[in-house]
Amino acid sequence: MTVIVGDEEFLVDRAVSDAVRGYGASGADVRDVACADVSVEEIAELTSPSLFGDTPVLVVRGVQDAGKDLAAALQEAAGIPEARVVVTHAGGAKGKAVLDGLKATGARVVEVPRIRSPRDREQFVADEIRAAGGTIARDAVGDLVAAVGGDLRELATACFQLVADAGPSVTADDVAAHHRGRAESTGYAVADRAVEGDVAAALETLRWAFATGVDPVLVSSSLAANLRTIAAVASAGRGSPDSLAAGLGMPAWKIRRAQGWARRWRPDTLRRAVLAVAEADAHIKGAADDAAFAAERAVVVVAECAVA
Amino acid sequence: MTVFDGLIGQDRVVDVLQAAAAAAASSVRGDSSAGMTHAWLFTGPPGSGRSVAARAFAAALQCPQGGCGECHECHTAMGGSHPDVTVVVPAGLHLLIAEAREIVASSARAPMLGRWQVTVIEDADRMEERTGNTLLKALEEPPPRGVFLLCAPSPEDLLPTIRSRCRLVTLRIPPYDAVADYLVREGVDRPTAEFAARAAQGHVGRARRLARDDEARRRRRDVLKLPTQVETVGGCFAAAAALVGAAREEATVLTGELDVAESTALRDALGDVGGRGKARPRGAAAAVADLERRQKSRATRTQRDALDRALIDLAAFYRDVLAAQVGAQVDLVNVDLDRTVRALAESSTPESTLRRIGAVLACREAIDTNVAPLLAVEAMALSLHAG
């Protein structure tokens, strides 16, 4: 039996296929079920030695949700040397007893890493490129993650594709050539471009944001939040971000960034921008027909106020 | 003494309701029922006593003496424990359609004590169209002894179909003197009563709170500091944050205790004693989530109401400024802030005061259309700053 522990869906899938291949089975000989859809009898049937040796590989997913009976059946199956069973467990505290029980039987355990921070993602890209037989420049890794976004499946595909197309050593130029323009974009990103006064970049980011399903409500709330931060930082006066952090109740990096923005803003432009965003917020929330237009309009006004 | 004593400065309405109660009594005896109507709509500005009027009328219908205010029927009807008086108060943002169905069902029952099956719906304006239509059938073809008493700020807040099936009772803003007299009867000293009656602008409940509760007076003073805080743009943002923060705090105080009590009661009902490893009954998580959702809706509404009260105080402040500017011979609402009012009146023009009143009212409207409260108040503060 192989036990795969982790909750990164893509990596778990990959580990399952590796394990199945390790048992020498191909697609047709696999019975892949969620833990809720399999009965105790079925497990017994699929793991008993067969005269003809044609039992499929059994994959049981999400055993953290297994009930007592099922856990016992799996435990028993784990003790059968010739049983070809792969189970996945999400890790964490839920159903920990099931996992410990299976581990105790000496089953092979594969831990799937957690990918959370941007650093994890960059490490993942580097590993993927290496696995595909290539190398990648340091700056290119960051570009690729920024361009493709956080989805591991897409990142893995992109890595494979890049090595295949751009040769074994991938550079930042290769990434730019393959992934121009496409970027994962959020309401925050739009608002940041807008208060910097970059109309074109703000609008481009906004369109990407809409294309990736960002709600216009998040655009107006991010704009409001940025303007609020600028006002707070500007009226706090001069001082190093670290010394202001406690008084303003926000992290130093945020203050440092807002101090850069605040140079562009004057009280009257700030006022105009807030009024425009407040009106847009009402429009987005149903006072006007076209929420996307209202958001776009607010972004333009804010960006224009920043350079006024 | 009658049940209508709690209605301040609404003599005409009291006459109408007493006549109707007398007609209702004769109908119960089997005589003519002319003068009684099965559906009533109580409208009037907030604090004028819509729900008080509705409850008092409910008591008058149940009381054999037409609302003596002293018998068992009157006490239980006013206190909300009379078996034939159902008071519906939408606690969340809206009256739910399921609640409306419940109302229709219960209104069709025969009155337990043989007089009237009265349903009082406070805040009937918090019904959406579908909910209103659910109720419409019962209003159109009322059960023989069913009486509906709806309360709303104005008739326009209800569907035209509902409005046309109700007899309209319009309450006026009670005069300051009547409110002050009432507070004095309740045991408040005269100067405080006068101050509270004016500051509350005829809102009886608010006047009572201002007269009795130091905390409410402090909150009002904090709100009315805002006009002097918006002199710089930075100050605008700070004042807006303070105003919204205070509203949130007030709402938390009001709903927080209730939330805890409800959650505890629900957990007890579900048999969840909080021991580790104890299995909870099926569906427990869903019931808790549902309760939390309703509590959140109520918190949002309470916070909005608190903010709305603050905005009304602000609008009244600028109204006083305007009155001082044009030399109008009217009573000031904010007698205690006389100096601030005069200072602002001298340093600004009537035009800018009108624009400021407009900004405050626009903010109320914005919050009503779901604009983020902080953003709406910030926009208002910046408009006040610009003048």
Inset, instruction - Just reorder A:R31, B:R339 by solvent-accessible area, largest first, 1.4 Å probe, all chains present. - result: B:R339, A:R31
Legend entry - Threshold 50 Å² - residues in segment A:276-307 whose accessible area is reduced by that much or more when the chain is no longer isolated, probe 1.4 Å: A:K285
Legend entry - Global size of segment B:228-272 as Cα Rg and Dmax, reported in angstrom: 18.1, 57
Inset, instruction - Rank A:W261, A:W253, A:W208 by mean-square fluctuation in a GNM of chain A with C-alpha springs under 10 angstrom and give only the top-ranked residue. - result: A:W253
Inset, instruction - Please report the relative contact order for chain B, taking Cα pairs under 8 Å with a sequence separation of at least 6, and give it as a percent rounded to a whole number. - result: 15 percent
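Two-decimal Rg/Rh of segment A:2-111 from alpha-carbon positions, Kirkwood Rh?
Details: Rg = 12.7 Å, Rh = 13.7 Å.
With Rh from the inverse mean 1/r over Cα pairs, Rg/Rh is 0.92.
What net charge is computed for the residues neighbouring B:T340, neighbours being all others with C-beta under 10 Å from the C-beta of B:T340, Lys and Arg scored +1, Asp and Glu -1?
Details: positive: B:K225, B:R339, B:R342; negative: B:D320, B:D336, B:D338.
Within the 10 Å Cβ shell, the charges total 0.
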Inset, instruction - Based on a Kirkwood Rh over C-alpha pairs, give the Stokes-Einstein translational diffusion coefficient of segment A:116-184 at 20 °C and viscosity 1.002 mPa s in µm²/s. - result: 188 µm²/s
Inset, instruction - Compare the peptides A:91-100, B:29-38 by average per-residue count of other Cβ atoms within 10 angstrom and give them in order, highest first. - result: A:91-100, B:29-38
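How much net charge surrounds A:A288 when only the other residues with a Cβ under 15 Å from the Cβ of A:A288 are counted, with Lys and Arg +1 and Asp and Glu -1?
Numbers: positive: A:K285, A:R297; negative: A:E279, A:D281, A:D289, A:D290, A:E296, B:E365.
Combined, the nearby Lys, Arg, Asp and Glu give -4.
Out of every Cα-Cα pair in chain A, what percent are more than 30 Å apart?
Details: 26301 of 47278 pairs.
Everything past 30 Å amounts to 56 percent.
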Inset, instruction - Under 12 Å from the Cβ of A:V163, count the other residues' Cβ atoms, weight Lys and Arg +1, Asp and Glu -1, and hand me the total. - result: -2
Inset, instruction - Please list, or write none, the lysines whose alpha carbon is within less than 25 Å of the alpha carbon of A:K285, excluding same-chain residues fewer than 8 places away. - result: B:K296
Inset, instruction - Please express the Cα-Cα pair-distance distribution P(r) of segment A:185-308 as a list of whole percents, one per 5 Å bin, running from 0 to the bin with the greatest distance. - result: 2, 13, 23, 22, 18, 12, 6, 3, 0, 0
Legend entry - Order of exposure, largest accessible area first, which applies to B:E257, A:E196, A:E128, A:E154 with probe 1.4 Å: B:E257, A:E154, A:E196, A:E128
Inset, instruction - Kindly identify residues of segment B:232-267 having a loss of at least 20 Å² in accessible area between the isolated chain and the assembly of all protein chains, probe radius 1.4 Å. - result: B:V233, B:G234, B:F237
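Ignoring ligands, DNA and RNA, please state the percent of accessible area on the protein assembly as shown from carbon and sulfur, probe 1.4 Å. Don't jump to the answer; show the numbers that get you there.
Numbers: 17850 of 34060 Å².
Solvent-exposed carbon and sulfur of the protein assembly as shown make up 52 percent of the total.
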Inset, instruction - For the protein assembly as shown, evaluate the Debye formula with one uniform point scatterer on each Cα (no solvent term) and list log10 I(q)/I(0) at q = 0.07 Å⁻¹, rounded to two decimals. - result: -0.74
Inset, instruction - Find which of B:P373, B:C63, A:A280 sits farthest along the positive direction of the dipole of the protein assembly as shown, computed with +1 on the beta-carbon of Lys and Arg, -1 on that of Asp and Glu, about the Cα centre. - result: B:C63
Inset, instruction - Just grab the label-to-label distance for B:E129 and B:L159, each label 7 Å out from Cα along the Cβ direction, in nm (one decimal). - result: 0.9 nm
Inset, instruction - Take the alpha-carbon positions of segment A:48-144, form their convex hull, and give its projected area averaged over all directions (one quarter of the hull surface) in nm². - result: 9.0 nm²
Inset, instruction - Have a look at B:R130, B:R356, B:R50 and tell me which one the Gaussian network model of chain B (Cα, springs below 10 Å) gives the largest fluctuation. - result: B:R130
Legend entry - Among B:A310, B:A19, B:A39: highest mean-square fluctuation, GNM of chain B, C-alpha pairs under 10 Å: B:A19
Legend entry - Accessible area in the full protein assembly, largest first, 1.4 Å probe, for B:E365, B:E122, B:E99: B:E365, B:E99, B:E122
Legend entry - Spatial extent of segment B:1-133: Rg and Dmax, with the Cα atoms as the point set, Å: 14.7, 43
Legend entry - Relative contact order for segment A:1-158, counting Cα pairs under 8 Å that sit 6 or more residues apart, in percent: 30 percent
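Taking 4 °C and 1.567 mPa s as the conditions, I'd like the Stokes-Einstein D for chain B in µm²/s, using the Kirkwood hydrodynamic radius from alpha carbon pairs.
Values: Rh = 23.2 Å.
Answer from the Stokes-Einstein relation: 56 µm²/s.
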Legend entry - Rounded accessible area per residue of segment A:241-308, 1.4 Å, Å²: 50 Å²
Inset, instruction - Keeping all protein chains in position, work out how much accessible area A:Y188 exposes to a 1.4 Å probe, and write it in Å² to the nearest 10. - result: 150 Å²
Legend entry - Shielding of B:358-370 by partner chains, average beta-carbon count, 10 Å: 2
Legend entry - Buried solvent-accessible surface, both chains (B, A), 1.4 Å probe, Å² to nearest 100: 1200 Å²
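The values are calculated or read from the model by the stated rules, or taken from the named source; none is laboratory data. All figures in this text were calculated on a predicted structure; none of them were measured in a lab. No Cβ is skipped: glycine too gets one built from the backbone with ideal geometry, and neighbour counts run over all protein chains shown. Calculation scope for accessible area: heavy atoms of the full protein, side chains included, ligands and nucleic acids excluded. Shrake-Rupley method; radii C 1.70, N 1.55, O 1.52, S 1.80 Å.
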